[in-house]
1. Consider the range 64-73. How many of its residues are surrounded by fewer than 17 Cβ atoms within 10 Å (Cβ to Cβ) and within 20 Å of the chain's Cα centre (by Cα)?
2. Residue 98 fails exactly one of the following numbered conditions: (1) outside any helix (DSSP H, G or I); (2) surrounded by 13 or more Cβ atoms within 10 Å (Cβ to Cβ). What is the number of that condition?
3. Just one of the numbered conditions (1) at pLDDT 90 or above; (2) buried (at least 16 other Cβ atoms within 10 Å of the Cβ) is not true of residue 107; which one?
4. Considering only residues that are over 17 Å from residue 78 (Cβ atoms) and surrounded by 12 or more Cβ atoms within 10 Å (Cβ to Cβ), which ones fall in the range 114-132?
């Protein structure tokens with residue numbers, strides 16, 4: 001190969017490689033784009049806000065009837081969410097406080113379990129109330145949404 005052509009051939013090969021990579025990246029974003037962004041936004045909303053409230057704004061939330069029932073139960077849910085959050089903080093503090101106090105951590109975890117149970121009880125009541133107002137196809141959609149939620153929560157824990 002002619003010495004004056006060699007740098008141009010290398011530059012052309014590098015340029016083609018980068019262009020193919022860039023096109024592949026753009027194509028992948030277009031193919032996966034919407035679903036990938038929605039799932040990422042939903043997961044971010046759940047982890048950064050400690051609940052499912054922000055998920056309503058991301059479009060990944062529950063069916064409309066469930067959303068209405070949950071909103072109707074906000075006066076019961078809000079204080080229980082606060083109790084869960086404070087119990088989590090208490091457990092975190094018990095873990096990092098020196099010297100380690102086993103009894104304090106056990107007490108914090110017991111309080112967290114009780115607060116979480118109380119919150120889940122209200123959520124389950126709201127779910128039953130909403131399901132009672134739904135037709136069979138809507139309940140199937142709700143079951144799919146609940147399955148999707150469990151997969152997201154499992155992915156968050158891993």
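The values are calculated or read from the model by the stated rules, or taken from the named source; none is laboratory data. Keep in mind it's a predicted model, so treat the numbers as computed, not measured. So basically every Cβ, Gly included, is an ideal-geometry build from the backbone, and we count neighbours across all protein chains shown.
1. Residues meeting the conditions: 3.
2. All conditions pass for residue 98, except number (2).
3. Against the list (1) at pLDDT 90 or above; (2) buried (at least 16 other Cβ atoms within 10 Å of the Cβ), residue 107 comes up short only on (2).
4. Residues satisfying the conditions are 114, 127, 129, 130, 131.
Here's the yes/no breakdown for (1) touching a helix residue (DSSP H, G or I) at 6+ places or on another chain (Cβ under 7 Å); (2) at pLDDT 80 or above:
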| site | (1), (2) |
| --- | --- |
| 16 | no, yes |
| 21 | no, yes |
| 26 | no, yes |
| 38 | yes, no |
| 42 | yes, no |
| 49 | no, no |
